[in-house]
Structures are given as C-alpha cells and as structure tokens.
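The values are calculated or read from the model by the stated rules, or taken from the named source; none is laboratory data. Here the structure is a predicted model, which means the values were calculated and not measured. Heads up, the Cβs are rebuilt from the backbone with ideal geometry, glycines too, and the neighbour counts pull from every protein chain shown. Side chains included, ligands, DNA and RNA excluded: accessible areas come from the protein's heavy atoms. Shrake-Rupley method; radii C 1.70, N 1.55, O 1.52, S 1.80 Å.
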Protein chains: 4
Amino acid sequence: MTQSRHAALKLTVRVSPFHRLIRLELVRVKGGRVEMRLPWREEFRRADRSDWYHGGVLSALIDIAGDYAIASRLGRWVPTIDLRVDYLRPAKRGDLTAVARAVKLGRTVGVADVELRDAKGALVAVGRAAYSTSSRPTPDGAP
Amino acid sequence: MTQSRHAALKLTVRVSPFHRLIRLELVRVKGGRVEMRLPWREEFRRADRSDWYHGGVLSALIDIAGDYAIASRLGRWVPTIDLRVDYLRPAKRGDLTAVARAVKLGRTVGVADVELRDAKGALVAVGRAAYSTSSRPTPDGAP
Amino acid sequence: MTQSRHAALKLTVRVSPFHRLIRLELVRVKGGRVEMRLPWREEFRRADRSDWYHGGVLSALIDIAGDYAIASRLGRWVPTIDLRVDYLRPAKRGDLTAVARAVKLGRTVGVADVELRDAKGALVAVGRAAYSTSSRPTPDGAP
Amino acid sequence: MTQSRHAALKLTVRVSPFHRLIRLELVRVKGGRVEMRLPWREEFRRADRSDWYHGGVLSALIDIAGDYAIASRLGRWVPTIDLRVDYLRPAKRGDLTAVARAVKLGRTVGVADVELRDAKGALVAVGRAAYSTSSRPTPDGAP
C-alpha cells in the first residue's frame, strides 16, 4: 500500500456525490485494512422521535468500506456482486466507524468482511460482500 | 389492508429523516405488496463522471421496502435481522421502483423479497431480508 | 434446452458421489427451469426422535439445484461463489422438490433462485446463490 | 461451559441420523468456541473424477457448527433462520475442520460465524448464520 494509492482512494471519497451526500470520511488504509468514519447527522435517524440510525445508512457504509478494502489491494474499483448485512444491535446517535479487510482476493471474485462500531466501540453490525475482480474497469474510472 | 393503515405507513415515509434525506416515496400498498419509488437525484451517483447509482442507495431502498412489506401485514414496525442484496446490472440515472412482498410471516421471523427496477423496467437488483416479528415495538414507535 | 443437454445433466446427477450418497434425482430441465427431487430417507432426520429434515440436507439441495439452473443455460458447470438459504418452516418427512431458475446470466456472475417444497407442496425454504460464470472449466470436467 | 454440557452436545452429534450419515465429529467446545471435524470420505466428492468436496457438504458443516456455537452458549437447540456461505477456494480431499463462535446472543436472534479449513489449514469457506433464540424448544428435544 503506497501513500499515493491511499491518496487516490481518499480523493475518490470526495468525488463521489453519494459519499458527499452522507459526508463519509476515509480514516486510514494500511496493510489491506480500511477504516472509515461516518459523522453523526440528524438526517440519519430512522424517525423524528428516534435516536437510532436508519439501517439503510449502515448497509451503505458496509458496502462502501468492503469495496475500498478490495480496491486498496487491487488498485482499482470493483463492482459489488452481492452484499449481506447482519444488524446486531441498534446504532444510536454518534459517529460510526467501519473497519474492512479482504478475506479473499481471487482472479474472479473478492470477498470482504466489515465490522461496524458505534461511538462507544460496540459492534452494531457486521457485513460481508462479494466483488467482481475480473470485471472491466468502469468506463468512468469510478467506484 | 385498510386505507387507514396505508395512510399511517405513508405518513411514516415522511416523518423519517433518512427517508426525507433520500426523498423516498411510497407509491402503493395493496394485498401485502408494497411499491416504492426513489426519484433520481444527482447526489445518488457513484462518481462525478458517472451516470450510475451508488450501490448504497439501492441496498437502503431494498431494506426499507422489505420492512414495509412486513409492517403492512403486521400493522407495526419490525427491526431488520439481516439483509442480502444481489446487484444484477448497473442502475443508471432515472427513477427506481422497488416492489416488496412477504415470503414468510412467522411468530418470530418474517422474510421479505424485493425487486428493484430502473426507469425502463429492467431488474437491477434483488434483495431478501429477515425481520424480527417477536421484538417489542421500538420505544419511539418508529420504524 | 436440447434433449441431449438434459441427458448430459441427468448423467452427472448419477456420476457425482455426493449426489449418490443423498440419492438425488433430476426430474426435469425445461426453458431454464430445473426441477429436482430428493426422496425421503430416515438418515436425513435431524434427530432420532425427530420427523424433520436436517437443515444441512436442504441447503445442499438448494446449492445443487441453483447450480444446475445456471449450468443448463450455459452448458457447463460453474463454481458457487456464495449461497444463501432462508428456512421458512420445518420440512417434515416426505420427498422434497427443488425448483430453480436463473435470475441473472452475466459474463462473470450468474444468480439463481431456488424454491424448496415438501411433499404437500408447502414452501419450506428459499435460496439464492451466485455462481462464477467466467471461471475456467474444472480440470475434471465435473460440477 | 461445563463438562456435562459438552457431553450432552457430543451425545447429540451421535444421535442425529444426518450427522451419522456424514460421520461428523465434535472435537471441542470451550468458551463459546466450537470445533468440529469431518473426516474425508470418497462419497463427498463432487464427481467421480474429482478430488474436491461437493459444496453441499461444506454448507451443511457450516450450518451445524454455527448451531452448536449458539446452542453451547444457550444450553438448548435453536432453529436456523438463515444461512450464508462464501466458498473461497476448492476444498480438496482430506479432513475438514470447522470453528464456530457466537457473534451475537440476543433475546430473539443469535448470529454465528464459522471458518472452514482443509487438512493443511487453508481457509476454504466462511459462513454466517442467524438462529432463532426465542423459539420454543422443538417437541422432540432435538437440534
């Protein structure tokens, strides 16, 4: 993992309109381990009277972090084949941290594991996703 | 499915801050079939130079539609146990339509199937999710 | 779907030692729809005092039927990327029937949906699996 | 984890007809970690000319090991809600070892993670499954 590749990935966090919509931050990429942070926003609540994250925010974060874990090893973006998320406990207000790593980096398929923790470090969700590593790069050179 | 229950669910689409963030619309609830629409927005693109939806938008939409399919049958909100999404082809700019229905409505677990189509009617993703039907209602009475 | 391809697939049901161990039968392959039958055996019970199938039998049957659905369309065997099974209700003694069809047949990935029914026609489990369609054929020419 | 509970679980490995059919062995239960072994048999091959395990054997082993991980913590058997298996590389002839642990032990749902290794210690598959912890015990007191 070179510094320049980290920089390239960090850049992409910023240039993705969806990442900007949710204000996602890339914290660290090191040795195949990717750490991301999602700062809390009131817009992420599942209901007006709720203090809990909407599950859709968590699944999006898991998909993205897993993709970065594979991409950081391959040096290019890969499309998601499928995504699986297990919600372990309600995620309450506060920043979320996702840590992802590649479980497999094959010729045709990559698999990533992701752990999602709340601001107190409690595990709120785990995810696993498969990515297509044999696909042609996207025409727009984007994730 | 009474009209009043539909109204109650429609109301909740509006009162969820996350649903408002992505501007989700509930189109129809009939006989256990739930149809939702997500109008296209530039913020949903996966990259500035891309015309494709970010996968995180699709997985969130699938989770929500499945939840509504179970909730419309039970008359109350249920927490998601786990979510699985298969991305079948890139979803390009244009409105998305999700159609969800319950496959199982058990004493402890409900399972929903969701189909996601692009503006031309092409199937872009399928999802399946398990929901906890024996959980106590959320303290805030919200999804 | 030609008759000869059906014959080839039927042959393979017989030449797989694991298929013979569980005595799996291929019933029909038509238009991409694959139907398999697993005749009941006392060895499939989850416990000596139980009348229910062991879940491991159901998941194996779903994996196989899905693989055949993709293989029947491609004319060659494909390795499974991942498998997901939802158990909807206990499967009691009696023959099981699996019906599988391809949801996607891509250049790199195929996805199959499988429904598993008991002898009375009740849906006991549903499955979905992804298969690698770009993999080189197995050296032994076998599933 | 008391010795008596381990003994009870070991007993059940023997009394399940399906476990006897595949000759599954319980190696160790300690601190919520369950280790199982499946001795190689020619009947597990995916084809007569193949040296590889049939995927159905792997998924069954993962489901069982995960169930034992939850059961060893709860002291009773729990039905599987859903099972997900990622096949990472072909599993060749030789004994398989499954190691499972609970990721979540909730009031209504338990989640287990399972790693499956071949005789050389290589990771051949990973699995995750959800189990219903609020279900009434099965009438036959069996897994």
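When A:Leu74, A:Leu88, A:Leu26 are screened for being open to solvent by 30 Å² or more (accessible area, probe 1.4 Å) and either farther than 15 Å from B:Arg46 by Cα or of a type in the set (Val, Ile, Thr) (or both), only A:Leu74 passes.
Only one of the listed residues (B:Gly110, B:Gly121, B:Gly66, B:Gly127) is over 24 Å from C:Tyr87 (Cβ atoms) and small (Gly, Ala, Ser). That residue is B:Gly121. Being in contact with a helix residue (DSSP H, G or I) (Cβ under 6 Å, 6 or more places away or on another chain) and at positive phi holds for only one residue in C:Gly56, C:Gly32, and it is C:Gly32. When residues in segment A:30-54 are screened for being touching a Leu at 6+ places or on another chain (Cβ under 6 Å) and hydrophobic (A, V, I, L, M, F, W, C), 2 of them pass. Just a yes or no: is a residue in segment A:56-71 modelled with pLDDT of 95 or more and farther than 24 Å from B:Asp48 by Cβ? Among the residues of segment A:56-71, at least one is modelled with pLDDT of 95 or more and farther than 24 Å from B:Asp48 by Cβ, which makes the answer yes.
Of all the residues in segment A:29-40, those that are buried (at least 16 other Cβ atoms within 10 Å of the Cβ) and in a loop (DSSP other than H, G, I, E, B) number 1. Kindly establish whether C:Val57 is touching a Leu at 6+ places or on another chain (Cβ under 8 Å) and farther than 23 Å from D:Val78 by Cα. The answer is no for C:Val57. Annotation: of all residues in segment C:49-76 being in a loop (DSSP other than H, G, I, E, B) and either in contact with a Ser or Thr (Cβ under 7 Å, 6 or more places away or on another chain) or without any contact (Cβ under 8 Å) to a residue 60 or more places away in the chain (or both), the one that is farthest from the other protein chains (Cβ to nearest Cβ) is C:Asp51. Working only within segment C:77-127, note down all residues that are small (Gly, Ala, Ser), assigned to a loop (DSSP other than H, G, I, E, B) and more than 12 Å from every other protein chain (Cβ to nearest Cβ). Selection gives C:Gly94, C:Ala119, C:Gly121. Screening A:Leu21 against (1) over 30 Å from C:Asp82 (Cα atoms); (2) more than 7 Å from every other protein chain (Cβ to nearest Cβ); (3) out of contact with any Pro (no Cβ under 7 Å at 6 or more places or on another chain); (4) modelled with pLDDT under 95 leaves a single unmet condition, (2). The set of residues in segment C:102-127 being open to solvent by 30 Å² or more (accessible area, probe 1.4 Å) and under 10 Å from the mean Cα position of the chain (by Cα) consists of C:Glu115 alone.
In summary, A:Arg46 fulfils each of the numbered conditions (1) under 27 Å from B:Trp77 (Cβ atoms); (2) basic (Lys, Arg); (3) open to solvent by 70 Å² or more (accessible area, probe 1.4 Å); (4) within 8 Å of another protein chain (Cβ to nearest Cβ) with the single exception of condition (3).
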